[in-house]
Amino acid sequence: MTILLLLTSTLLSSYFHPWGVVNAQSFTIRNITLSIEPSTDVTRDTNVTLRCQALVSISGQAVLSREYTIYKDSNVVYTKTSSTPEDLLYLLPEARVFNTGKYKCTVKIESREMSSDVKKLTVTGLSKPVLHLNKGVVIEGEEVTARCTAPGETGSIFFYFFKDSKEFQDKHTSSNQAEIKLHFSSVGVHKIHCSYTVLVTPESFKSEDSNNVTVSVKELPITAVLEIGPQYKIYEGDQLDISCSISNLLHNSESFHLYLSQGDSLLSSGNKTTTLKHVMVAKAIDPGEFECKLEIGNIVKVATKILSVTELFSAPTITISPAEVFQREIMKITCRCERYASERLTKEDVTYTLDPPQSSLNPGGNGVFSGRALHFEFNYTCVAEAKGIKKHSEALTVRPKVYVSVPRISVDGRAVLGKPFKILCQSDIGSLPINYTLFKDYKPLSTTSIKLSSQQAIFTVTITKPEEINKFMCEAKNSHREGGLSKNLITAVIEPLSDPTVTVLPSLENLYEGGYLDLLCSIRGTPPVTFKWYREGREQPLSTTTSNQNYTKHNIPLLSKESSGRYYCEAFNHANNVRSDNVDIVVKADRVAVSVWSKRPSEDDADSDEESSVKSNEPDVEYTEVVHPGPVDPARVPFRKGTDTVYSELQKSPHGAADHHDYGSVEYADLNGEQPEINHYHPEVNNYQDLPVPVD
């Protein structure tokens, strides 16, 4: 059973082949080799053989069909099918440069295929080209046939033809020869040769030059004739009679054309016309070259002349006065011709006009025009005319300037007493350049010239008194006219802060536990002022307040031993910052309060104090009005006139003496020297309504 299955499997895996039954797995292609003989680098005319060898291993006597393919630069150049194991030979007899390239061999057996490595064949050397002309002697314009041959060469070839060593034509062909037609427009002896290039992508190979062939070209007797009258000295405005004609025209001449031109301008032309005539007025400005050209087939005959024309008068010049013109200001435009031919005309023969005509300017004779300048830019051109000749000047562009407006004066930033600050002077309109001058008390201090719109007139000054600020003015000027003067400078002046003072309420000797403390900081300077309270040993401020007044208060409503320390304030405004001296705050221990009272005698028994005392269950408390005198230094504390009245409950001190609190007065100072009135404060009332409240 096992043998039967194996036999069946073998039969199913086989197929019928023209040369017998072959098993699909009965061969293998081991290697494909391509060799180039005699060498991969050869010279032209060498017989080259490409040998393709296939190494194939076969089981048994099976016969295999082999398909050989030769590639050159990826293109198929040869294919052959063989049933023998012999090597395939591809012959390149008498190899040429065109055979240069990369070759590869591919062998296909059944469904299997293998290729060889790529081999590069290089063939060097090209044959020398041969040039042949059908005529050696020709008449001017006659046609000549030239043929260039590359003997034995094949492929893509470019042929180049040279006349008197200069290339004048090329031709591409797939054959080894090219033919062109030549025409000679100049007489004399000419030498012709050729060369070629074989294109083998991506390279090209150039041949040597061919033999030189001489061609003798004889002149055709026909000529072009150019005549211009008059023959004597020519002036601008003279009439020119110009003639372009043909001399020695042959009766059997082909179709011909005549062209008469001046520089780039074609004046006249004609087909089969023997003469062209043209009349024009002579001009001195770039008369150019006159040309008469005759074309007969490929023959071209040319006659040229350059005229010398004497200038009748020079082109006018245009000037303006004054050099700088302002809108609606009187101006004058003058037209003048610097040179003229006195033998033909006088100065009075030349007339002047403006182009385009301007109604705003009136002619005053002799080329002078006057009037008021326009509000906008305008181009003026002067036209001079004499004997029918007109000449234009170059365009004069008039840009009327705008008078500068009265300037505005302001402070750039802030004005601070005693410190340099900047004053800005600026006009809203006015043509540049503008000169700005700063005045103080009508005396000029400094002048600056503004030439660019991006610039500003800025002056740096310093003042020591606030009233000095109003003495500044500035002037703007951009013409000969007197400049406009600004108003006086009006702005706020910032006085730097000074004299920081800290006042303590109540007095330092009356600070006890359970009591209160008001620290008052006053300064001299311009608000708004930012006050900061500090306690030594702490980096962060205890409080920060911004106020429009010159003072502020820091309150500690309930004192304790921990409240003791060194306190100070700092003040800031737009000019500077200052710091007060330190104030040492020492909080004392609290005292035992004992009321002091006296017995009030009864009406019935005024003499019996003891009896009255026994009858009364609640003693009457006697309140004593204590009148504090005014401060010792009125300049230091000018807050209240007369006396300050404080009602204090008489208490018994620990030492048996009455304790009398006197909290004194506080000085407040502002920038203007006025000091608000402030009441005294006592702990029993703890009323702060009379103190000014800082504005945050």
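The values are calculated or read from the model by the stated rules, or taken from the named source; none is laboratory data. Small disclaimer: the values here were computed from a predicted structure and weren't measured. When we count neighbours, we look across all protein chains shown, and the Cβ atoms used for this are built from the backbone with ideal geometry, even at glycine. Accessible surface is based on the protein model in full, side chains and every heavy atom, while ligands, DNA and RNA are left aside. Shrake-Rupley method; radii C 1.70, N 1.55, O 1.52, S 1.80 Å.
Return a yes/no flag: does region 514-531 have any residue that is within 25 Å of Val411 (Cα to Cα) and without any contact (Cβ under 8 Å) to a residue 12 or more places away in the chain.
From region 514-531, those within 25 Å of Val411 (Cα to Cα) are 524-530; that's our starting set.
Checking which are without any contact (Cβ under 8 Å) to a residue 12 or more places away in the chain leaves us with none.
Looking for residues that are within 25 Å of Val411 (Cα to Cα) and without any contact (Cβ under 8 Å) to a residue 12 or more places away in the chain, one finds none in region 514-531, hence no.
Find the residue count for region 45-64, including only residues that are surrounded by fewer than 17 Cβ atoms within 10 Å (Cβ to Cβ) and in contact with a Lys or Arg (Cβ under 9 Å, 6 or more places away or on another chain).
3
At pLDDT below 90 and among the charged types (D, E, K, R): does that describe Lys218?
Numbers: at pLDDT below 90: yes; among the charged types (D, E, K, R): yes.
Yes, satisfied.
Restricting the first residue to region 399-416 and requiring it to be among the aromatic types (Phe, Trp, Tyr), which pairs with a second residue that is part of a strand (DSSP E or B) meet a Cβ separation below 6 Å and a spacing of at least six or different chains?
Tyr403/Phe326
Among (1) assigned to a strand (DSSP E or B); (2) touching a helix residue (DSSP H, G or I) at 6+ places or on another chain (Cβ under 7 Å), where does Thr491 come up short?
Condition (1) is where Thr491 drops out.
Filter region 520-543 for residues that are within 30 Å of Lys465 (Cα to Cα), among the hydroxyl-bearing types (Ser, Thr, Tyr) and in contact with a Phe, Trp or Tyr (Cβ under 9 Å, 6 or more places away or on another chain); which is surrounded by the most Cβ atoms within 10 Å (Cβ to Cβ)? Working first, answer last.
Residues of region 520-543 that are within 30 Å of Lys465 (Cα to Cα), as a first pass: 520-532.
Remaining after also requiring among the hydroxyl-bearing types (Ser, Thr, Tyr): 522, 526, 530.
The next check asks that each one be in contact with a Phe, Trp or Tyr (Cβ under 9 Å, 6 or more places away or on another chain); those that pass are 522, 530.
Values: Ser522: 24, Thr530: 17.
Applying the filter and picking the extreme gives Ser522.
Please work out which one of (1) closer than 30 Å to Lys487 by Cβ; (2) touching a strand residue (DSSP E or B) at 6+ places or on another chain (Cβ under 7 Å) is the condition Pro363 fails and give its number.
Of the numbered conditions (1) closer than 30 Å to Lys487 by Cβ; (2) touching a strand residue (DSSP E or B) at 6+ places or on another chain (Cβ under 7 Å), the odd one out for Pro363 is (1).
Evaluate the following for Thr84: is it among the β-branched types (Val, Ile, Thr) and in a loop (DSSP other than H, G, I, E, B)?
Working: among the β-branched types (Val, Ile, Thr): yes; in a loop (DSSP other than H, G, I, E, B): yes.
For Thr84, the condition - among the β-branched types (Val, Ile, Thr) and in a loop (DSSP other than H, G, I, E, B) - is met.
Please find, among Asn298, Asn362, Asn366, the residue that is over 52 Å from the mean Cα position of the chain (by Cα) and polar (S, T, N, Q).
Step by step, each of Asn298, Asn362, Asn366 is checked, and only Asn298 is over 52 Å from the mean Cα position of the chain (by Cα) and polar (S, T, N, Q).
Quick check: anything in region 77-88 within 18 Å of Thr201 (Cα to Cα) and open to solvent by 30 Å² or more (accessible area, probe 1.4 Å)? Explain how you work it out, then say what you get.
From region 77-88, those within 18 Å of Thr201 (Cα to Cα) are 77; that's our starting set.
Filter again for open to solvent by 30 Å² or more (accessible area, probe 1.4 Å), leaving 77.
The answer is yes, given that some residue of region 77-88 is within 18 Å of Thr201 (Cα to Cα) and open to solvent by 30 Å² or more (accessible area, probe 1.4 Å).
Determine which single condition Val309 fails, assuming it passes every other condition in (1) modelled with pLDDT of 90 or more; (2) more than 30 Å from Ile429 (Cβ to Cβ); (3) of a type in the set (A, V, I, L, M).
Checking Val309 against (1) modelled with pLDDT of 90 or more; (2) more than 30 Å from Ile429 (Cβ to Cβ); (3) of a type in the set (A, V, I, L, M), the one that fails is (1).
Tell me which of these Leu489 doesn't satisfy, since it passes every other one: (1) open to solvent by less than 90 Å² (accessible area, probe 1.4 Å); (2) over 26 Å from Leu417 (Cβ atoms).
(2)
Quick one: which strands (runs of 3 or more DSSP E) sit completely within region 93-211 and have at least 3 residues that are surrounded by fewer than 17 Cβ atoms within 10 Å (Cβ to Cβ)? Reasoning before the result, please.
On the way: elements: 101-109, 112-115, 119-124, 130-133, 137-139, 143-149, 156-163, 166-173, 177-183, 188-200, 203-206.
Qualifying strands (runs of 3 or more DSSP E): 112-115, 119-124, 130-133, 143-149, 156-163, 166-173, 177-183, 188-200, 203-206.
Just to check your reading of the model, which residue among Ile389, Ile434 is of a type outside the set (D, E, K, R) and out of contact with any strand residue (DSSP E or B) (no Cβ under 6 Å at 6 or more places or on another chain)?
Ile389
Inspect all residues belonging to region 286-298 and state whether any of them is open to solvent by 80 Å² or more (accessible area, probe 1.4 Å), over 30 Å from Ser243 (Cα atoms) and modelled with pLDDT under 90.
no
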